[in-house]
C-alpha cells in the first residue's frame, strides 16, 4: 500500500483517508452516527478523485450500500483485507 492522506478541496469537501493502490484511488470516511447518508462533500470527492470506492466506516452493526460506489461498513468488520479487495 502507498502513503495515506487526508484530502480537502478548496471548496471544503474532504475525505478522512485517501490512498492510491493498483492504479486506482481509494478513500474512507469515518462517521460517528447510526445511519450515515451521502453528503455533498462525498459526491464532490468521488468525482474529483475519481474514486474506485468510498467506504464509510461507522459504529453500527450492518453493512449496506448507499450508492454504486459508496458502502457503509461497521467498524467491527474492518480489516486491511477489506480495503484491498
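The values are calculated or read from the model by the stated rules, or taken from the named source; none is laboratory data. Note that the structure is a prediction, hence the values are computed from the model and not measured. Every residue, glycine among them, receives a Cβ derived from its backbone with ideal geometry; neighbour counts consider all protein chains shown.
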Here the residues within the stretch 1-31 that are modelled with pLDDT of 85 or more, closer than 15 Å to residue 55 by Cβ and assigned to a loop (DSSP other than H, G, I, E, B) are 4, 31
Being surrounded by 11 or more Cβ atoms within 10 Å (Cβ to Cβ) and either within 23 Å of residue 76 (Cα to Cα) or more than 14 Å from the chain's Cα centre (by Cα) (or both) is the filter here; which residues of the stretch 40-62 pass it? 42, 52, 53, 54, 55, 56, 57, 58, 59, 60
Within the stretch 59-76, residues being touching a strand residue (DSSP E or B) at 6+ places or on another chain (Cβ under 6 Å), assigned to a loop (DSSP other than H, G, I, E, B) and either under 13 Å from residue 30 (Cα atoms) or touching a residue at least 24 places away in the same chain (Cβ under 8 Å) (or both) number 1
Inside the stretch 32-42, can you point out the residues that are assigned to a helix (DSSP H, G or I) and either closer than 17 Å to residue 6 by Cα or in contact with a strand residue (DSSP E or B) (Cβ under 9 Å, 6 or more places away or on another chain) (or both)? 41, 42
Looking at the stretch 19-31 only, could you name the residues that are buried (at least 16 other Cβ atoms within 10 Å of the Cβ) and under 8 Å from the mean Cα position of the chain (by Cα)? 26, 27, 28, 29
The one condition in (1) in contact with a strand residue (DSSP E or B) (Cβ under 6 Å, 6 or more places away or on another chain); (2) over 15 Å from residue 8 (Cα atoms); (3) outside any strand (DSSP E or B) that residue 45 fails to fulfil: (2)
